[in-house]
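Q: Below is one structure. I have some questions about it.
The values are calculated or read from the model by the stated rules, or taken from the named source; none is laboratory data. Fair warning: this is a prediction, and the values are worked out from it, not measured in the lab. Note that we place each Cβ from the backbone using ideal geometry, even for glycine, and neighbour counts take in every protein chain shown. Only protein heavy atoms, including side chains, enter the accessible area calculation; ligands, DNA and RNA are left aside. Shrake-Rupley method; radii C 1.70, N 1.55, O 1.52, S 1.80 Å.
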Amino acid sequence: MKEVLVLGAGYAGLKTVVSLQKQAGDFHITLVDRNDYHYEATELHEVAAGSVPKEKISYPIADVIDPKKVTFIQDSVVTVNADAKTVELVQHGQLTYDYVVVALGFTSETFGIPGAMDNALQMTTIDQAVAIHEHILAKMKAYRETKDENNLRLLICGAGFTGVELAGAFADERKVYADLAGVAPEKIEIICVEAASRIFPMFDDNLAAYGTELVRKVGTNLMLGCMIKEIKDGQVLYVTNPEDTEYQSLTAGTIVWTTGVSGSPVMAESGFDQRRGRVVVGADLRDPAHQDMYIIGDVAAFMDTASNRPFPTTAQIATRMGAHVAKNLALQLKGQAPVDFKFKSLGTVASVGNTHGLGESLGVTLKAYPASAAKKMIMNKSLLDIGGLKELMAKGRFDLYH
């Protein structure tokens, strides 16, 4: 019996498992993840803001795996030894495999900015998102005693998709925060600091301009062209000109880091040829140096031949990678050659609060409420695709109007 080892139960890893377990054959799957649940990483901003509880964007791994074919191990990966075909875990020691799928996910990327990790709240896991929400509530309650207006200020570092979606979620919860603090909603400040002079670079000028105005319309102070140089306790230092030697500063009781992510540090620690935790994979998603190893999701750099750049790491491509790897593993287990992976994005949609958004889907430009509804349907599709009908019915977003 062949042993298939899958490392990581995010979009890519868990999709591989739920697809492969449906195949007949003489093989066994072992799935390893540090958590006993899967979560919708694209919805972490809602948990951080308090819009939804963590249970709404997560479900137990046990709910979707077949125990007759899959063994789940809750543990963290230390290193992967591709030549020896072994994986070292923190608690369970060494595992061996015939085939391995490395889908270890992402971590915050600080770009070497001093204090970014220690003095800003990260948002890459459910626990971190919950911690942000609890931190905000504590600051709002503290304002009643201290009258320190920094406690009313929510500062987001980075205006990528994650940053603007978090700003929109904060805006939705502004009244809740204000009530806790005992102030008018307009006293809750939301600031988003971004180094680039333009946001939404994946969209054309008109749609990007619409999105920028939308972010500001919900009450976000969007500070573009501000390059963060350091983060101190309760303070962000930045410049507006790369040649500036004197830093400007912003103070805030809540500082959240959303400037970017990199692949798992396990990739570098295991000696892979990687950059920012991502390995350039072959056309069939295998590691070029190891034909029994697939690398997918946030730790993979799959090249777009048209632009000669890697495709962005999104939930969409990760899920489709997982389905493709399951297909290729089924072929290899039958002694057949794997096939190449083809990817064309179906579109990208960002929410700015619960009822507004923007994006493109299947060549159609979406704005305002239609974009918001599309974003909810995308999450529903993800729930159905990996979690099945049970998780869709339990966690789905069926109220498209509010």
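Q: Of the conditions (1) under 30 Å from ASN35 (Cα atoms); (2) open to solvent by 60 Å² or more (accessible area, probe 1.4 Å); (3) part of a strand (DSSP E or B), LEU155 clears all except one; give me its number.
A: Single failed check for LEU155: (2).
Q: Exactly one condition in (1) β-branched (Val, Ile, Thr); (2) under 30 Å from ALA268 (Cβ atoms); (3) buried (at least 20 other Cβ atoms within 10 Å of the Cβ); (4) more than 26 Å from the chain's Cα centre (by Cα) is not met by THR162; state its number.
A: For THR162, the failing item is (4).
Q: Right, something else. Counting just the residues of the range 183-242 that are touching a Cys at 6+ places or on another chain (Cβ under 9 Å), surrounded by 15 or more Cβ atoms within 10 Å (Cβ to Cβ) and polar (S, T, N, Q), which one comes out nearest to THR162 (Cα to Cα)?
A: So, considering only residues that are touching a Cys at 6+ places or on another chain (Cβ under 9 Å), surrounded by 15 or more Cβ atoms within 10 Å (Cβ to Cβ) and polar (S, T, N, Q), the one nearest to THR162 (Cα to Cα) is THR220.
Q: Of all the residues that make up the range 165-182, how many are hydrophobic (A, V, I, L, M, F, W, C) and crowded, with 21+ Cβ neighbours inside 10 Å?
A: So the answer is 6.
Q: Hey, another quick one. Would you please name the residue that is least open to solvent (accessible area, probe 1.4 Å), looking only at residues in the range 243-262 that are free of Cβ contacts under 8 Å to residues at least 60 places away in the same chain and outside any strand (DSSP E or B)?
A: Selected residue: ASP244.
Q: In the range 348-393, what residues are closer than 27 Å to ILE61 by Cα, open to solvent by 60 Å² or more (accessible area, probe 1.4 Å) and over 19 Å from the mean Cα position of the chain (by Cα)?
A: Scanning the range 348-393 gives LEU389, LYS390, MET393.
Q: Note down all Cβ pairs under 8 Å where the first residue falls in the range 277-303 and is on the phi > 0 side of the Ramachandran plot, the second is among the acidic types (Asp, Glu), and they're at least six residues apart or on different chains.
A: Correct list of pairs: GLY277/ASP298.
Q: Still on this model: If you go through the range 161-206 one residue at a time, how many are in a helix (DSSP H, G or I) and of a type in the set (Asp, Glu)?
A: Here the count works out to 5.
Q: If only one of ALA196, ALA208, ALA184 is of a type outside the set (D, E, K, R) and in contact with a Pro (Cβ under 8 Å, 6 or more places away or on another chain), which one is it?
A: ALA208
Q: Can you find even one residue in the range 55-77 that is modelled with pLDDT of 95 or more and under 17 Å from ILE296 (Cα atoms)?
A: Checking the range 55-77: at least one residue is modelled with pLDDT of 95 or more and under 17 Å from ILE296 (Cα atoms).
Q: Restricting the search to the range 354-368, which residues are of a type outside the set (Ser, Thr, Tyr) and closer than 15 Å to THR42 by Cβ?
A: ASN354, GLY357, GLY359
Q: Okay, next question. Show me the strands (runs of 3 or more DSSP E) entirely contained within the range 2-49 in which 1 or more residues are within 20 Å of ILE132 (Cα to Cα).
A: 37-39
Q: I've got another one for you. Can you pull out every residue in the range 103-117 that is of a type outside the set (A, V, I, L, M) and either buried (at least 21 other Cβ atoms within 10 Å of the Cβ) or under 15 Å from ILE295 (Cβ atoms) (or both)?
A: Hits for the range 103-117 are GLY105, PHE106.
Q: Out of PHE398, PHE341, I need the residue that is assigned to a loop (DSSP other than H, G, I, E, B) and modelled with pLDDT of 90 or more. Which one?
A: Testing whether each residue is assigned to a loop (DSSP other than H, G, I, E, B) and modelled with pLDDT of 90 or more leaves just PHE341.
Q: Quick one: is ALA301 at pLDDT 95 or above, within 23 Å of PHE203 (Cα to Cα) and hydrophobic (A, V, I, L, M, F, W, C)?
A: When the stated conditions are applied, ALA301 passes them.
Q: Let me ask something else. So which of VAL78, VAL100, VAL87, VAL130 is part of a strand (DSSP E or B) and surrounded by fewer than 20 Cβ atoms within 10 Å (Cβ to Cβ)?
A: VAL78
Q: What number of residues in the range 282-315 are polar (S, T, N, Q) and either crowded, with 22+ Cβ neighbours inside 10 Å or closer than 19 Å to LEU104 by Cβ (or both)?
A: Of the residues in that region, 2 qualify.
Q: Kindly indicate the residue of the range 6-63 that is among the acidic types (Asp, Glu) and more than 15 Å from the chain's Cα centre (by Cα) and also farthest from SER264 (Cα to Cα) among those meeting that condition.
A: Checking each candidate, the answer is ASP26.
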